[in-house]
Every structure is written in C-alpha cells, then in structure tokens.
Amino acid sequence: MKLLSCITLLLFCLPAQAQTTGLSLIKKISNSVFPPKDSILLQTIQGSVFEKDNHQPLAGATIALQREETSYIGAITDANGNFDLKKISVGRHTLRVSYLGFKEVLLTVMVEASRGSVVEVPMEVSPLYLTELKIHSLDDLAPLGANLIDTDDLNRHAGNRGEAIRKVAVLPGIQSADDSRNDIIIRGNSPQSVLWRIEGVNVPNPNHFNIPGTSGGPVSIINDRMLASSSFYSGAFPAEFGNTTSGIFDLRFRNGDTTAHHTTAQLGLLGLEYSGQGPLSTKGKSSYIFSVRHSTLGFFDALNIDLGTESIPRYTDASFKINFPSGKGSSFSLFGLGGISKVDILISQQDDVSQNLYGEKDRDQYFKSSSGVVGLSYKKKIRTSAFLATTVAVSAERIVSHHDFVNPPDIREAILRYDSFPDGIMYPGILDYKFKETRISASSNYTKRLNRSHQLEAGVGIDHYIFSFLDSSRNINMDIDDSLFGTWRIRWQSMTNSTLIQPYAQWKYTANKFDIITGLHHQFFSLNKSRSIIEPRISVQYYLNEKTKLNAGFGLHSQIQQPYLYFYGSENDSNKKPIPQNINMGFTRSRHLVAGVEKYFGSDSSGIRIKLEAYYQSLYDVPVDEKITSFSLINTGADFTRLTPDKLKNEGRAKNYGLELTAERAFSSGYLFLFTGSLFESKYEGSDRVWRNSDFNCKYISNLLFTREWRLKKQNIIALGSKFIAAGGRWYGPVDTVASIAEKNVVFFSEEKNTRQFKPYFRLDLRISYKLNLPSISHELALDLINVFNRANVLKLTYIPGANQNEGSVTEEYQLGTLPFFYYRVSL
C-alpha cells in the first residue's frame, strides 16, 4: 500500500541520533542486570501548560507534585508555559496545576526508570465567582457528552487489550457489538454512525480487517502509546463536529521526548512491536515518535490458543509523528498511520464450522484490507488571544475479497456427473469485489478570546472523496439438472468523486457560575446535493458550588450514509452496468437532548465523582425499504457482512432514551474503581410503520471495574485489575427456514422481527501485571484473561449449510471463550 510505504520511508529517514548505539544498549542492559547497590532511580517530568480553548501558553502557572511518602516538589512555568521537574523518583505521582482565574487541575503521572514523563496540561477559565474551582481529572475539562481517553488508564484497566476503542466500552450507555470485534454501540445507535478523527481531520475506519460500512474490526491499527490525551463524544457534541449521529473518536498523537532517545520492544498475543521517540536535534524542541507492529497470531495458534477461528489473520501496522516548533508560537507536525491485513478463511479445510466467528459457513474466503492516512498540521498562536489550527491529509482504505463456493455433496456429485466443473475448479468462485475509497481532507479553525467571558470560534472541514467500487457475483442454482452456476453479474461498478463540506461557528460564554457553549453547524454533500438545515448546538454547565454542577445540552445532527450503499444496483442496463438505485439517499438526522447532575465527594485527590445523566434522542429520515418491511439501516454495521439493500427511502424513524449513572474514584493511594450503569430503550420504525426493539436494545448495561497497585521496594509495581460486565441480551425473531435455505443466510419473518431476546450477557475479565524498574531500563509483564469463567454468551443466529443443497440449519453462535491476552515489554 502506498501510504504504508510512505510511512516506512519516513521512519528510515529519521536522524541517526534516534538510534540507540550497540555500546549504549549493552551498557543499559548491564546496569539493569547488575544495578549499583542502593541506587535510587530518578527521572524527570516535563510538560506545558496552556489555555484549553485557544492554546495560549500560561506563564507563571504553579506546578506541585506530591507523593504520599515525600514532600512537595514544585515549579513555575516559563514564558512559553513550559516546566521541568527533575530528580523525580519512579512510580505514579499526583500533579497539581494552578493559575489565577483558572480551574485548578489534578492529574496522575507515571514515571518509568527508562524514561521520564511528558504531559500537556490544558486549563480552562473559571466562572467569575468560583476562582477556587478544582478539576479533579482532565475529564472535568471536557464539554458535555465528552470523555477523555487517558492512555495511562488503558494500561490499568482489565479487558482493554491495549485499544482505546475498547476502553470506552466501560462508559455508561456504551456496549460492544461482540467479543470478536471492537465496534461500539452508543446509546442504542448503529456502530456505523461512529466518526473517527485523527489530528483534527476525518479518517477511514482505523482497524484491521475492516468491512465496508463498519467503524470497527477485530484489531485496531492505532497503538495506544502513540496517543496524547484524546476525546470520545457520546452525544450532543459541539458545533465543531458533524457527519455523525452517535459518537466521535477525536484522537491526537503525542509529541516525542525532546531531551533523550528511548526505545520500546514488546512481544504479545497481538504482535511484535517496536517503538521509539526522542529529539531530532540537540537544539530546539523538535521531536519524533513512531511505532511498528507485526502480527504473531500464527505462532500462538500453534500453542492451541483459541482465536475464534482456525484461520490465521496476518497484519502489519505503523504510525509516526514528527513535530517541528518553529518559534513565535507556531509549529508544524507531520503524522501518519497505516495498516495492511490478510486472512484466508478456508471452510473447506475445517471439520467444524459452527463456531467459527469469522466468515460465512458455505464458502472459502480470501480477504485483504489496507487503510492509512498521512497528514500535515500547522498551529499558530496569534498575539495573546487568538489561535489558528490547520490540517491537511490524504487517507485511503482498500478492501479486496474473493469467495469460492464449498459444494455440498449433492452438488459436487452433480458436477461430476454432468462434467460441469467451471474451469476444472473444485470450489468455483461466486464473489469478487474490490472497494477503494480515497479522501483528501482539510480542516481549519480560528479561535479568538474577546475577553475573560467571551470567546468565538469558527472553522470548516472539507473531505473530497474518490470512490472506486467494483463487485460481481453469481448464484448457485437449486435445480441441479440445469446449469449449476449462473452467469456473473456486476453489482457495483462506480468510479466517481464527491465532496463533503462542513462549516461551523460557536460562541463560549463564561460568567457567574456557569459556562455556555452554543453554535451552528451545516453540511453539504455534493454527490446528490444533500444538505442539512443550519443545525443549532448548545450546552450549559451551571456550578452550584465548587463540587456540584448541573449539565444540559441540545443539538441537531446529520450523517451521510455509508458511501458504498449509494452505488449498489440490483438491476443492470443494456451494457451490463449496474444502475445505482439508492444514489439519492439523503442524510440520517437526529435530535439529541441531554441533562444531568455531577457531584464530587471527598478530598481533592481521593474523592468519588457521582454523575447522573438522562438523554433522549429522536432519529428521523432513516433509510428503510420502499416496499413494506421491517428493515432499517439503524440495525446494521455490527458484523462482517456488507449490505445489498433493496430500494430505500428516507422515511424511517428511531428513538433512544435512558438514564445513566457513573460512580468513579480516580487513581489514588494505590487503587481506583469505576461503576457505570444504564437503563434504556432503543426502538425503531421500518416502512411497515411498526415500532419495534432495535437490534441493540438490550435494556440495561452495567460495568464494574477495579484496579489495585502495590509498590515493591519503592520502585517496582504489581497490579491486579478486574472488570465485570452485565447486559441484557440482543433481539431476534422467528426464523423463516425455507427462505434461509434458499438465501444461504438467516432470514427472519419480517413481521415478527425482534420479538424474542437472547439470554443476558455476563463477562468477567482479570488483569495482572508486574513492572520492574531498573537503572535506565523498565520491564513489564502483563496478562489479560478475557471471559474468565468461559461463559457461553450468545452472539447471534447463524446459518449452517447441510449435507445437501436443499438442506441447512440455523443455530446459535457464541462469543469467544476464555482468551488470554498477554505481553512482555522492555523500554530503554
């Protein structure tokens, strides 16, 4: 893939200083094996403090660091907002940042023996009458509906598998699509409505083995150690964001260390990784950071570890960021991310296909996918009150698949009898497709603080799409006395382009115990001239006192459909080219209302945060069948199959409403816990005008997470974590057996769709890790046990071909059994 080749080339172009010499490596390993007697391991914490909204540096901010067994250590930020704390012992620390007129911030920092810690601390103007207001975690700085993704949490929580997308599954109202994939369902919405952004621009699905129309996959391309503090939005988001009706991953890559070079190697179930970071030169603050990974599943499959399939997935991914501060408050950053993946699911070589979680059961499938982005961002502080951020990027995803029909015995005998093997192939081809989507993206926003109370922001996002969709298939005839295999029919054949334009403007007002953020958003899609109305967004936070606040928000939102759906044709013209039957589909639209209360109990660093939030979402203009059925796009996007829909119209509706509770104790005194619970309803209406349970209406979700750490010899850490998940079962309906055999897929009676429910879902995950800090080197060993009690949670119904062509059965398909995820990591 060209994008991945570019990334690899850039990594090799990094300066020679980035490479640890053999002599230095030997010296570090020697010191780690034979450390000096009674040595005290010390490192540094460096970082920057800036205003959250306009990125202006805050000179004179006070930094105080405290650990229970030591006294305070402090620093003051310089004219550029930077600070440097030296001779800090290894381990986890609490950092307190304060600045007059701003909300005080508390955050935890992990310092390893192999490297110091680099942090960015955004601060927010405090309401006028609450100058002593404290922010107990960076989550408190996020606007309504937003949660920060802390990479330190990723390494402490059980069951995350090192992926940011799985970490958010413990948030209230969030559920995983299934254990074999990392798609998430937000408050009953389809996973395909989730939007991905990296460094401020929209990007394709950043997962290996991604299927068109999905937002997740079995394995993420993104390395969590590349991430800075990033945001996840779950509803009523600000005017800056568009083209989604449910949620947003707004990810940022962190800058590399500007003082020293570091490398990390890791071997685990999901791959062999190598990463590095450091300064580009001894002068200035320019830096690099990169990561490369190659899959090792083939090796671990040989050890009889159940991977959910007898096929061996193979993948490689890489990511990087190079940052160039250019003085006078400006900087350039070059960043990239890419991955390639391949798997051959050979049903013909498997004895039992009933519990193969990947692929269909009547065919051999050869699948390749690749995805990547390369971009350049520019940030500029303008005087003392304004900020400009601009990013341009090129991204692409490519998916290629070929399917061969695995013949039941009666068809195989008929082929032999009539001597009609196509091209002499035992398992004849029945499907080929090649989908490619390229984007040229740009985003720019300008923020201006007028005074302490008023701030304005305006911007625009532009995505120019280049589509290339090609697909052809043929059917297997039921009557074996006729020609067994039909002729190939082209279903997709389009090479076209389109542009999505999204301007916005918003105003923030801070005064007298409350914050207001209000704005307008608009989007236009040139493919079929679809346009949204001017969409209003507003959120309000009212502070009753320093520890209690009320939240409320409202917004209108719109989303284009998955691009490949516009170009499918069930009929062909005289030139055998498919006639796109849904090219004029409009946006799916949503009204979202959220209100809640949040209260903090206890001391600054060890208190408990309680949050109660209610929401109501009304979706309309959802595509449904033109003919009278129960079908709706609201139920799609959570598995490994593409859609071949009939003619659709934007007349469907859906509604999601619920109540969510969060009780959280941030990490302090060696432990943390998190409880989230949600009670909700998710309903939809097809073209038959009947309100039904959506596929994702499990009624309730609860998560309980606990992590405990112990310090050994003041510098090593052993940690034990657990996560328990309980949720209602998914919905299904009575199966039309005759139609299922004919279609070789599960077909429900339309009028009784989602009238039955699977048993509740339960899962317990455990994690244990040990970190050994030695002079200039750190070792970490971790084991995640997923589904410890091997509970057979039902995933869905699946079709199993019979011994003959006119036979088949439908059976329950289960989630993965107990699965160990483990890694060994060494950092220099």
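Considering only residues that are in a loop (DSSP other than H, G, I, E, B) and farther than 30 Å from Arg181 by Cβ, which ones fall in region 279-297?
The answer is Leu280, Ser281, Thr282, Lys283, Gly284, Lys285, Ser286.
From the list Ala663, Ala638, exactly one residue is in a strand (DSSP E or B) and hydrophobic (A, V, I, L, M, F, W, C). Which is it?
Ala663
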So Ala386, is it open to solvent by less than 20 Å² (accessible area, probe 1.4 Å), farther than 28 Å from Asn223 by Cβ, modelled with pLDDT of 75 or more and not polar (S, T, N, Q): yes
Any hit, region 773-786, residues being within 29 Å of the chain's Cα centre (by Cα), outside any strand (DSSP E or B) and modelled with pLDDT of 85 or more: no
Residue identified as open to solvent by less than 10 Å² (accessible area, probe 1.4 Å), of a type outside the set (Phe, Trp, Tyr) and either touching a Leu at 6+ places or on another chain (Cβ under 8 Å) or modelled with pLDDT of 95 or more (or both) among Ala654, Ala663: Ala654
Pick from region 169-186, criterion modelled with pLDDT of 85 or more and open to solvent by less than 10 Å² (accessible area, probe 1.4 Å), ranking: nearest to Thr707 (Cα to Cα): Val170
Verdict on Lys361 being modelled with pLDDT under 90, in a strand (DSSP E or B), over 25 Å from the mean Cα position of the chain (by Cα) and buried (at least 16 other Cβ atoms within 10 Å of the Cβ): no
Verdict on Lys549 being among the charged types (D, E, K, R), out of contact with any His (no Cβ under 9 Å at 6 or more places or on another chain), at pLDDT 95 or above and closer than 30 Å to Ala146 by Cβ: no
Condition check for Thr245: in contact (Cβ under 8 Å) with a residue 40 or more places away in the chain and touching a helix residue (DSSP H, G or I) at 6+ places or on another chain (Cβ under 6 Å): yes
Top-ranked residue in region 522-536 [being assigned to a strand (DSSP E or B) and in contact with a Phe, Trp or Tyr (Cβ under 7 Å, 6 or more places away or on another chain); ranked as farthest from Gly242 (Cα to Cα)]: Ser530
Criterion (closer than 30 Å to Leu470 by Cβ, free of Cβ contacts under 8 Å to residues at least 60 places away in the same chain and β-branched (Val, Ile, Thr)) met by exactly one of Ile538, Ile533, Ile501: Ile501
Residue list for region 62-72, restricted to those being at pLDDT 80 or above and open to solvent by 50 Å² or more (accessible area, probe 1.4 Å): Thr62
Candidate set: region 222-252, residues that are open to solvent by 10 Å² or more (accessible area, probe 1.4 Å), farther than 20 Å from Ala654 by Cβ and assigned to a strand (DSSP E or B); chosen: the one modelled with the highest pLDDT: Asp250
Answer from Ser574, Ser539, Ser603 - the residue that is at pLDDT below 95, part of a loop (DSSP other than H, G, I, E, B) and either open to solvent by less than 20 Å² (accessible area, probe 1.4 Å) or within 30 Å of Leu106 (Cα to Cα) (or both): Ser603
Region 710-750, residues that are over 15 Å from Ser630 (Cα atoms), touching a residue at least 60 places away in the same chain (Cβ under 8 Å) and of a type in the set (Gly, Ala, Ser): Ala719, Gly721, Ser722, Ala727, Gly729, Ser740, Ala742
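Among Val406, Val374, which is the only one that is at pLDDT 95 or above and either open to solvent by 10 Å² or more (accessible area, probe 1.4 Å) or among the hydrophobic types (A, V, I, L, M, F, W, C) (or both)? Give the steps one after another, and end with the answer.
On the way: Val406 fails: at pLDDT 95 or above.
Answer to the check: Val374.
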Test for Leu148: is it of a type in the set (A, V, I, L, M, F, W, C), at pLDDT below 75 and within 18 Å of the chain's Cα centre (by Cα): no
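Looking at the structure I just gave you, is Gly276 assigned to a loop (DSSP other than H, G, I, E, B) and in contact with a strand residue (DSSP E or B) (Cβ under 7 Å, 6 or more places away or on another chain)?
no
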From Ile560, Ile490, Ile579, Ile501, residue being within 28 Å of the chain's Cα centre (by Cα) and within 25 Å of Val624 (Cα to Cα): Ile560
Count of residues meeting criterion [open to solvent by 20 Å² or more (accessible area, probe 1.4 Å), in a strand (DSSP E or B) and closer than 30 Å to Asn575 by Cβ] in region 483-521: 9
Some residue of region 751-768 being assigned to a strand (DSSP E or B), open to solvent by less than 30 Å² (accessible area, probe 1.4 Å), in contact (Cβ under 8 Å) with a residue 40 or more places away in the chain and touching a Leu at 6+ places or on another chain (Cβ under 8 Å): yes
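Assess whether Ser472 counts as being within 27 Å of the chain's Cα centre (by Cα) and modelled with pLDDT of 85 or more.
no
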Exclusive hit being part of a strand (DSSP E or B) and free of Cβ contacts under 8 Å to residues at least 24 places away in the same chain, set Leu674, Leu705, Leu679: Leu679
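The values are calculated or read from the model by the stated rules, or taken from the named source; none is laboratory data. Bear in mind that the values here come from a model prediction, so they are computed numbers and not experimental data. Counting neighbours? That spans all protein chains shown, and the Cβs are built from the backbone with ideal geometry, glycine included. Accessible surface is based on the protein model in full, side chains and every heavy atom, while ligands, DNA and RNA are left aside. Shrake-Rupley method; radii C 1.70, N 1.55, O 1.52, S 1.80 Å.
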